[in-house]
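Participant: I have a structure I would like to understand better, so I am pasting it below and will then ask my questions one at a time.
The values are calculated or read from the model by the stated rules, or taken from the named source; none is laboratory data. Here the structure is a predicted model, which is why all the values come from computation and not from measurement. Calculation scope for accessible area: heavy atoms of the full protein, side chains included, ligands and nucleic acids excluded. Shrake-Rupley method; radii C 1.70, N 1.55, O 1.52, S 1.80 Å.
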Amino acid sequence: MLKANEYEIRKLLFDSNISRYKISKETGIPQNTLSDLVNGKTDIKKMRLDNAAKLTEYAEKLKGASKMENYFVVRELGSLFETADAAVEFAKTYWDDLKEDRRTSEMDTFGWDSVADDIIETIGHGVYEEGDFVNIEIGSYWTKSGNPELIHVGEIKAMPTLNKDGDFEGEYILK
């Protein structure tokens with residue numbers, strides 16, 4: 001039986017930081033169909049039931065991620081990202097590129113605070129400005145391929161600034 005939930009679909013399409021490309025890839029719904037929904041060309045209430053069911057299922061799958069996993073992510077990475085959803089989306093992408101057998105039930109194998117430190121260190125040592133995109137390198141031990149890999153973190157929305165006393169004010173914020 002097909003199940004569709006307009007609220008979950010709207011939340012997925014309009015309130016999440018998940019790209020239409022990723023939604024398309026995960027659901028099999030063409031990107032142009034998703035664009036038509038987002039741009040109002042197609043009314044969500046009049047979309048095909050099979051597409052509505054796929055979007056609902058995908059939204060519920062994302063929502064169903066362990067609250068404990070999300071807790072660790074938001075607690076340790078949340079202050080780096082503009083929204084908690086952005087932190088969770090980064091964490092999912094990050095772990096998708098790691099070996100399954102390296103995870104713990106809390107998805108906190110070597111600590112999300114360590115990942116946050118890696119991100120801050122990468123930005124701090126690089127020549128980055130607001131609007132730049134940041135990647136971090138995952139060592140070969142952690143990747144599925146056995147080779148080091150760059151993982152996209154996000155776009156820098158804000159950076160600390162140096163005040164007149166020589167102290168930094170503000171935080172790194174990624175979107």
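Participant: With all protein chains present, how much of the accessible area of segment 1-44 (probe radius 1.4 Å) comes from carbon and sulfur, to the nearest whole percent? Don't skip to the answer; put the middle values down first.
Facilitator: Numbers: 1330 of 2870 Å².
Carbon plus sulfur share of accessible area: 46 percent.
Participant: Counting heavy atoms of the protein chains only and a 1.4 Å probe, report the per residue accessible area for segment 1-41 as a whole number of Å². Intermediate values should be presented prior to the final figure.
Facilitator: Numbers: 2740 Å² over 41 residues.
That works out to 67 Å² for each residue.
Participant: Still on this structure, please answer the following. Tell me which residues come under 5 Å, amide H to amide H, from VAL153 once H is placed; ignore anything under 5 positions away on its chain.
Facilitator: VAL134, ASN135, ILE136
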